[in-house]
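Below is one structure; the comments refer to it alone.
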Amino acid sequence: MTFLIWWFRVVGTVNIVLGALWLPFLTAPRLGLSVPGWDAPDGGTAYRGFLDYTMLFGLELLVLGAFLFVASFRPGRSRILAWLAIVLSIVRGILDDVYMIAAGYPLVSNLVFIALHLAIIVTGVFALRAASRAASGAAGPAASSPVGHTPAVEQTV
């Protein structure tokens with residue numbers, strides 16, 4: 001379970017850092033580097049709309065990161081959240097990065113993010129498998145009970 005605990009914490013922290021980087025006050029100064037051919041005038045409708053979108057994306061990453069970090073304190077009950085982070089890394093991560101490369105966005109930075117998402121996916125699956133093995137290897141009848149529940153013990157008087 002230790003691997004899963006640390007996976008939650010590391011991936012949660014990565015999401016929090018990335019979420020903070022997508023907040024508008026940090027996104028605005030690097031728009032020309034992030035978006036090839038950026039031609040919207042500062043303060044214009046497209047400029048403000050794009051920054052509003054980055055605000056939403058940044059908040060989403062911050063929330064996911066916070067939930068992953070909190071999940072590290074109850075990893076046995078939070079496996080579905082790990083699967084959510086893994087699937088988001090596939091869909092919103094790798095598939096979106098491939099789309100961005102095809103659309104002409106910077107190749108190197110998107111390849112770096114693909115590698116990051118692959119690392120999150122692979123280590124997440126390994127962490128979940130290790131946690132499942134640890135849970136199934138626990139001794140006694142409580143091992144087959146739902147998480148957090150122990151079977152009733154009959155007492156005879």
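Rule-based calculations on the coordinates, nothing more; no lab input. Values in this document were obtained by computation on a predicted structure and should not be read as measured data. For neighbour counting, all protein chains shown are included, and Cβ atoms are generated from backbone atoms with ideal geometry for every residue, glycine included.
Details
- Across region 36-46, the qualifying residues are those that are in contact with a helix residue (DSSP H, G or I) (Cβ under 8 Å, 6 or more places away or on another chain) and surrounded by 11 or more Cβ atoms within 10 Å (Cβ to Cβ), and the one among them that is farthest from Ile101 (Cα to Cα) is Ala40.
- Of the residues examined, Arg9 is one that is basic (Lys, Arg), part of a helix (DSSP H, G or I) and within 30 Å of Ala131 (Cα to Cα).
- Yes/no for Asp52 being among the acidic types (Asp, Glu), surrounded by fewer than 17 Cβ atoms within 10 Å (Cβ to Cβ), part of a helix (DSSP H, G or I) and free of Cβ contacts under 8 Å to residues at least 40 places away in the same chain: yes
- Residues (of a type in the set (Phe, Trp, Tyr) and either within 17 Å of Gly12 (Cα to Cα) or not in a helix (DSSP H, G or I) (or both)) located in region 91-137: Tyr105, Phe113, Phe126
- Search result, residues across region 22-49 that are assigned to a helix (DSSP H, G or I) and either in contact with a His (Cβ under 7 Å, 6 or more places away or on another chain) or of a type outside the set (Gly, Ala, Ser) (or both): Pro24, Phe25, Leu26, Thr27, Pro29, Arg30, Leu31, Leu33, Thr45, Tyr47, Arg48
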